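Comments concern the structure below.
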Amino acid sequence: MLRLFAISCLVVAFALPAAARTRPRYGGSLVVEVQGDSWGQHSELARRLVFDGLTRIDADGAVRPSLSVRWASEDNDHRWQFWLRPGVHFQDGAPLTAATVEAALTGVCGAACPWTALHAVGSEVIFTADAPMPNLPSLLAGDDFLIVRSGSFGAATPGAGNSDVVTSASSSLSGPFIGTGPFQPIEFKNGILRLAANDSCWQGRPFLDKIEIDGHRAVRDQWLDLEVGRADVVDIPSEQLRKARERRLTVVASPPNSLLALAVADGGTLANPNLRAAIAQAVDRSALSNVIFQKQGEITAGLLPSGLTGYGFLFTANRDLNKAHELRGGLNTQTLTLSTENDPVMQLAAQRIALNLREAGFNVQVAGAGGAQRTDLILLRLTLRSNQPQAALESLLRSVGVTAAVSEDTPSGLFRVENDFLNTHTLIPLLYLPRAYAAGGRVRDLRLSPDGVPLLADVSLEDTP
């Protein structure tokens, strides 16, 4: 018995330091490198650190409270009432009120807003609309509806949640940059955004003291910096996932939730629906998947992943060049312009699609983003924001300008909505791709949101210089 007791004590003696080492630590600075912008309207990584929405999407895809603690609908979803979380302050010390929420959301989407009217009443925000808004709580978790208050960070503000705000006028951040999130911007210079922890954040202080996000970094340079310790978190494009694993990088990847799609104009030459249908038949998804994106992700002809709906097999993804020629009917169209973002892989994918369309008798030229005055075709990436089919479908449709609410919530009803839209051939789904990042050895607890964005507010570091 004494021997067993002694052995147990020895085990505990060795186990306790290990447990202590696994406990998250406060402090330290995290360096993130990305291909895109470090700050701006589409820099979702930084925006979600600085701003919060009324709601958020949890890891299981459910809508959870954020700046609002609860909500309720009335009149068959024509009216929604959100109760604000008490005691929340912006990063400059100003209180969150229903009036500031109303001001932040008024005009963000104009006639395309899911609501018709928005009112602040006491500590409540009320949305009303002429049509039902069954998915409003989910939509309000999106980046377009984050609560932003106008102001500037150029000097320390009385009552602000952090004392490290920069004072140099040359490096101050002017404009609508004040939020309620766990980090606040302190400097944006030469494409590098620096954030400091918000000590007074309503969610509690984050583990990290600072985050630095360096934008427009080539993937090769990012990986080299990660391997020598100059970066902590870097991009992994989906087509390089296999290579990253071969290099033994620590990879965190989402399920396929980034939709590669071809947007097709419905005016001018392409006002003819048969020509749009011919384009849909001419694209070779298998070649895109196998050659360009290295067999990562899933081929799709539907807006939603098949695993989310169960009916994806009903949309035919196979190329039918004969059908494309038949639909085109020998019509000689003017030269079509295909544009995409200035990313080498997206440009390569656009060139492959242009080749497919030439084989179907279309004359197509490829231009970079902003490189053409008239664009007939746009190769783009859309993000699946929810794993709840009804909300996910409405969010995707809104991202391409379709503002009608998706009221159907059964598989057969969702299929009808999706099929009716796809039959217009104004958006041709091609592939669903994963989003991925690599982390350095000192990074702990890096996870991704349901739409594949790193949750840096939950990260801590093994060592804190």
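Restricting the first member to the range 234-247 and to residues that are open to solvent by 30 Å² or more (accessible area, probe 1.4 Å), and the second to residues that are in a strand (DSSP E or B), the beta-carbon pairs closer than 8 Å and six or more apart or on different chains are ARG245/VAL251.
Looking only at residues of the range 107-149 that are more than 30 Å from ASP92 (Cβ to Cβ) and hydroxyl-bearing (Ser, Thr, Tyr), we find that the one that is surrounded by the fewest Cβ atoms within 10 Å (Cβ to Cβ) is THR116. Within the range 289-305, take every residue that is in a loop (DSSP other than H, G, I, E, B) and among the polar types (S, T, N, Q) and give me the one that is most open to solvent (accessible area, probe 1.4 Å). My answer is GLN294. A search for C-beta distances below 7 Å between a residue of the range 357-368 that is in contact (Cβ under 8 Å) with a residue 40 or more places away in the chain and any residue that is part of a loop (DSSP other than H, G, I, E, B) and open to solvent by less than 40 Å² (accessible area, probe 1.4 Å), counting only pairs 6+ apart in sequence or on different chains, returns PHE362/THR333.
So, in the range 248-274, of the ones that are in contact (Cβ under 8 Å) with a residue 40 or more places away in the chain and assigned to a loop (DSSP other than H, G, I, E, B), which residue ends up nearest to LEU303 (Cα to Cα)? Checking each candidate, the answer is ASN257. When LEU446, LEU430 are checked against the criterion of being modelled with pLDDT of 95 or more and assigned to a loop (DSSP other than H, G, I, E, B), a single residue qualifies: LEU446. From the list ALA277, ALA317, the one residue that fits, being part of a loop (DSSP other than H, G, I, E, B), modelled with pLDDT of 95 or more and surrounded by 15 or more Cβ atoms within 10 Å (Cβ to Cβ), is ALA317. Of all residues in the range 67-74, none satisfies being in a loop (DSSP other than H, G, I, E, B), modelled with pLDDT of 95 or more and not hydrophobic (A, V, I, L, M, F, W, C). Is the range 79-95 home to any residue that is closer than 29 Å to ILE192 by Cα, in a strand (DSSP E or B), charged (D, E, K, R) and open to solvent by less than 30 Å² (accessible area, probe 1.4 Å)? No: zero hits. Inspection of the range 396-404 finds a residue satisfying the criterion of being exposed (fewer than 14 other Cβ atoms within 10 Å of the Cβ) and either more than 26 Å from THR269 (Cα to Cα) or basic (Lys, Arg) (or both).
Figure legend. Inter-residue proximity from the range 88-100: first residues over 14 Å from ASP52 (Cβ atoms), second residues open to solvent by 30 Å² or more (accessible area, probe 1.4 Å) and of a type in the set (Asp, Glu), beta-carbon distance below 8 Å, spacing 6+ or different chains. Indicated pairs: ALA98/GLU124.
In the range 430-442, the condition of being farther than 26 Å from ARG220 by Cβ, in contact (Cβ under 8 Å) with a residue 40 or more places away in the chain and open to solvent by 40 Å² or more (accessible area, probe 1.4 Å) is met by no residue.
The values are calculated or read from the model by the stated rules, or taken from the named source; none is laboratory data. Note that the coordinates shown come from a computational prediction; the quantities given were computed from them, not determined experimentally. Here the Cβ is made from the backbone with ideal geometry for all residues, glycine too, and neighbour counts use every protein chain on show. Please note that ligands, DNA and RNA were not included when accessible areas were found on the heavy atoms of the full protein model with its side chains. Shrake-Rupley method; radii C 1.70, N 1.55, O 1.52, S 1.80 Å.
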